[in-house]
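Below: the structure, in structure tokens.
The values are calculated or read from the model by the stated rules, or taken from the named source; none is laboratory data. This one's a predicted model, so the numbers in the text were calculated from it and none came from an experiment. Don't worry about glycine lacking a Cβ; one is built from the backbone with ideal geometry, like all the others, and counts go over all protein chains shown. Surface areas here come from the heavy atoms of the whole protein model, side chains and all, with no ligands, DNA or RNA. Shrake-Rupley method; radii C 1.70, N 1.55, O 1.52, S 1.80 Å.
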Amino acid sequence: MRKALSIGVVLLAAAGSARARPVLVAGVGAGVDVEPSRPNPAQGGSYPSADLAAFSFEGEILWSQLGLLARGVGVDGSIDYQSTGFDRFALTVAGTFRPLAHRLRPDSYARVVASRLAVELGLTYQRILATYNTADNLGLHLGAHADFPLGMPQDDHGVFVRLIVQRPIILIDDTISNGIAPDPFNAGAPSVQVLGVLAVAF
Amino acid sequence: MRLQLIAAWAAGLVCASGGLARAQDVTQQVDVHGFYYKETSTRVVQPRMEVLAQIPRTSTLVGAEYSLDAISSASIAAGNRVSDNILTEYRNQVGARVVQSLNRLRLPVPARVGANYLRSRESDYDSDTVGGQASVDLFERNTTWTLAYSHSFDTVYDRPRRTRRDSLDTDFLSLSVAQLLSPTSVGVVGFEYAYLNGFQQNPYRTVATAGNLNEVVPLIRNRYTAFGRVAKLLPASGTTLQAIYRFYHDDWGLNANTLEGRLYQDVTPNLDVRLAYRYYTQGHAYFAKARYDTRVDQAYTSDPKLFAFDSHYIEGQARLHLSGLHGLQFWGWFENGFVEATFGVLYSGSTFGNCGPLDPTHECADKFLALGLTLPL
């Protein structure tokens, strides 16, 4: 956590000293959350994996190659996914890096998209709700995203669709009682989340 | 299930500040708001974010919004009258919309069309809404007609059994006209019609006066609303006055009247405030009774919103433009935006719900707090 805060402070300080405002990004969207198979010791075997509806919003401070990202993802799992029976809300703070930003001239749409490919690394906190119980998880965030501008952009500004693939790696895994499983169990993390976000850079 | 109502109420408060004029005058912006709603046994925290932007070199606006309701209810609100547990749950909602100007068609008058989609998920209620809208400006934009239609597909689940329980379909139609009455005044009148067909009761609510049977209400409901609004700007004092009236009627026999007045005042070049007062009164549905005869009555309800009551809503809002941040490191990035704080209290009459004479320990005042940041693009 301290390391992430330090990175954030350094990024903000760098922005301040540059005086010019970096690009800000805001976006909202939806997607799918893939929950892994979970053991079911009471009945033997395991619960099947499931695809759940996911919803997201995010903001990003974006410099030429680096960015600082804050993202919230809500997952509705309380009725469709009978083996779990809980809702998950995750807040993520991550640094982003565009490895091709300085290597490609954005003279075609494909090159613009390629130059904006980014990887994400940060921390994630998950608040998980069952009917009468809660859990709090903390972990690492791994992700990547691609930005698809709506029309050929003149600069870094404009509206675009962001396609995100992300996965948390839980370090502190709290237990939860959901009224379905006979005993409390670890809330765990989704296998992967795929999100589409309508975003604007300004 | 309950969240649908609370969210609609809270959203109505905020959207009411702009109403039709705001819907018609779409601007590019990023808007982040946080809402807090508190009533006797329920707390709702709702962050919401909306982006709206124009696709470059087109006259197409695209937008998306996300909101999350984090709700905590005392167990009695969840239908559990034995335990004192707190029920918590999330409701996620995401929406998308597109607005297209028809200027390229060289129509004789300016016109726009739009479409929207709204998807909402919570533990026992799914809702999907698709809609369309068309508006046309007449007489050098002094008159604007707007026609909108939407259809909602709702599914109700039985939370304890985790099974699908029933569905609700809603058709909504509205027609309104905004007319510039003078260089400093505008009037809006409109009519709304909603047709609801399906499961409309609360699946967890029981009716004590009907032998603790589960609530049952009719499947069909036709709802009609007529409204008018007049706004007047007083340039010398930087004041805007608004008066709003709504009349509601449905075929459940429920009539309601809403009167509202608003005062907008520029305090400084960067600060303006809004004061609002709303009075609401309604009768009762034809099947809402103090005691039921289960051998005769077909519908039973204990929903306080279907019984006669009145309410007073008082609201204050301050909006601060952030131009004062110009030149500051980091904070100066937001110099073109503004922040907004709203606080409101809804006083319901003693006949509403479980406050008043029925239970003096419960206060009949619901509180509403909203904080927001808006950044024009």
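Scanning segment B:44-55 for residues that are open to solvent by 20 Å² or more (accessible area, probe 1.4 Å) and either aliphatic (A, V, I, L, M) or more than 18 Å from B:ALA96 (Cα to Cα) (or both) turns up B:VAL45, B:ILE55. May I ask you to list the residues in segment B:107-124 that are part of a strand (DSSP E or B) and either touching a residue at least 40 places away in the same chain (Cβ under 8 Å) or over 30 Å from B:ASP166 (Cβ atoms) (or both)? Across segment B:107-124, the qualifying residues are B:ALA111, B:ARG112, B:VAL113, B:GLY114, B:SER120, B:GLU122.
Does A:ARG103 meet the test of being away from chain B (no Cβ under 14 Å), among the charged types (D, E, K, R), assigned to a strand (DSSP E or B) and open to solvent by 10 Å² or more (accessible area, probe 1.4 Å)? No; evaluated as a whole, the condition is false for this residue. Considering only segment B:49-75, state which residues are modelled with pLDDT of 90 or more, more than 7 Å from chain A (Cβ to nearest Cβ) and more than 15 Å from B:LEU377 (Cβ to Cβ). Answer for segment B:49-75, where residues must be modelled with pLDDT of 90 or more, more than 7 Å from chain A (Cβ to nearest Cβ) and more than 15 Å from B:LEU377 (Cβ to Cβ): just B:SER67.
So, A:ASP107, is that one farther than 22 Å from B:THR58 by Cβ and modelled with pLDDT under 95 or not? No: the conditions fail for A:ASP107. Scanning segment B:94-106 for residues that are in contact (Cβ under 8 Å) with a residue 24 or more places away in the chain and either farther than 30 Å from B:TYR204 by Cβ or basic (Lys, Arg) (or both) yields B:ALA96, B:ARG97, B:VAL98, B:VAL99, B:GLN100, B:SER101, B:ASN103, B:ARG104. From the list B:ALA208, B:ALA226, the one residue that fits, being surrounded by fewer than 16 Cβ atoms within 10 Å (Cβ to Cβ) and farther than 24 Å from B:VAL177 by Cβ, is B:ALA208.
The condition (being more than 20 Å from A:ILE164 (Cβ to Cβ), within 21 Å of the chain's Cα centre (by Cα) and at pLDDT below 95) is satisfied by just one residue among A:THR131, A:THR84: A:THR84.
Among the residues making up segment B:332-356, those that are part of a helix (DSSP H, G or I) and modelled with pLDDT of 85 or more are B:GLY332, B:TRP333, B:PHE334. Restricting attention to segment B:293-304, the residues that are out of contact with any helix residue (DSSP H, G or I) (no Cβ under 8 Å at 6 or more places or on another chain) and open to solvent by 60 Å² or more (accessible area, probe 1.4 Å) add up to 3.
Return the total of residues in segment B:265-282 being without any contact (Cβ under 8 Å) to a residue 12 or more places away in the chain and surrounded by 13 or more Cβ atoms within 10 Å (Cβ to Cβ). Final tally of qualifying residues: 0. Taking the criterion of being within 12 Å of chain B (Cβ to nearest Cβ), assigned to a loop (DSSP other than H, G, I, E, B) and over 18 Å from A:LEU66 (Cβ atoms), the residues of segment A:147-176 that qualify are A:LEU150, A:GLY151, A:MET152, A:PRO153, A:GLN154. Assigned to a loop (DSSP other than H, G, I, E, B), of a type outside the set (Lys, Arg) and more than 12 Å from every other protein chain (Cβ to nearest Cβ): is that true of A:GLY188 in this structure? Spelling it out, A:GLY188 is indeed assigned to a loop (DSSP other than H, G, I, E, B), of a type outside the set (Lys, Arg) and more than 12 Å from every other protein chain (Cβ to nearest Cβ). Going by the conditions given, is A:PHE148 farther than 27 Å from B:ALA70 by Cβ, in contact with a strand residue (DSSP E or B) (Cβ under 6 Å, 6 or more places away or on another chain) and open to solvent by 10 Å² or more (accessible area, probe 1.4 Å)? Answer is yes for this residue. Note on segment B:315-329: among residues that are small (Gly, Ala, Ser) and not in a loop (DSSP other than H, G, I, E, B), the one that is most open to solvent (accessible area, probe 1.4 Å) is B:GLY324. Selection of first residues in segment B:141-157 that are among the acidic types (Asp, Glu) and of second residues that are open to solvent by less than 90 Å² (accessible area, probe 1.4 Å), restricted to Cβ pairs under 6 Å at least 6 apart or on distinct chains, gives the following pairs, ordered by first then second residue: B:ASP154/B:SER127; B:ASP154/B:LEU168. Specify the residue that is least open to solvent (accessible area, probe 1.4 Å); the eligible residues are those in segment A:170-184 that are under 25 Å from the mean Cα position of the chain (by Cα) and either modelled with pLDDT under 75 or farther than 10 Å from A:ALA135 by Cα (or both). That would be A:ASN178. The residues of segment A:185-202 include none that are free of Cβ contacts under 8 Å to residues at least 24 places away in the same chain and open to solvent by less than 10 Å² (accessible area, probe 1.4 Å). From the list B:ALA308, B:ALA285, B:ALA290, the one residue that fits, being open to solvent by less than 30 Å² (accessible area, probe 1.4 Å) and of a type outside the set (S, T, N, Q), is B:ALA285. Here B:ALA256 does not fit the description of being outside any strand (DSSP E or B), within 17 Å of B:ARG221 (Cα to Cα) and aliphatic (A, V, I, L, M).
Could you tell me how many of the residues in segment B:35-48 are within 12 Å of another protein chain (Cβ to nearest Cβ) and within 11 Å of B:ALA70 (Cβ to Cβ)? Counting residues in segment B:35-48 that are within 12 Å of another protein chain (Cβ to nearest Cβ) and within 11 Å of B:ALA70 (Cβ to Cβ) gives 3. Screening B:GLY187 on (1) over 28 Å from B:ASP251 (Cβ atoms); (2) in contact with a helix residue (DSSP H, G or I) (Cβ under 8 Å, 6 or more places away or on another chain); (3) not aliphatic (A, V, I, L, M) shows it passes everything except condition (2).
Evaluated against (1) in contact with a His (Cβ under 9 Å, 6 or more places away or on another chain); (2) under 18 Å from B:PHE307 (Cβ atoms), B:PHE172 falls short on exactly one condition, (2). For beta carbons closer than 9 Å, sequence separation of 6+ or different chains, a first residue in segment B:296-325 that is over 23 Å from B:GLY344 (Cα atoms) and a second that is open to solvent by less than 40 Å² (accessible area, probe 1.4 Å) and acidic (Asp, Glu), the qualifying pairs are B:ALA299/B:GLU215; B:TYR300/B:GLU215; B:THR301/B:GLU215; B:SER302/B:GLU215; B:ASP303/B:GLU215.
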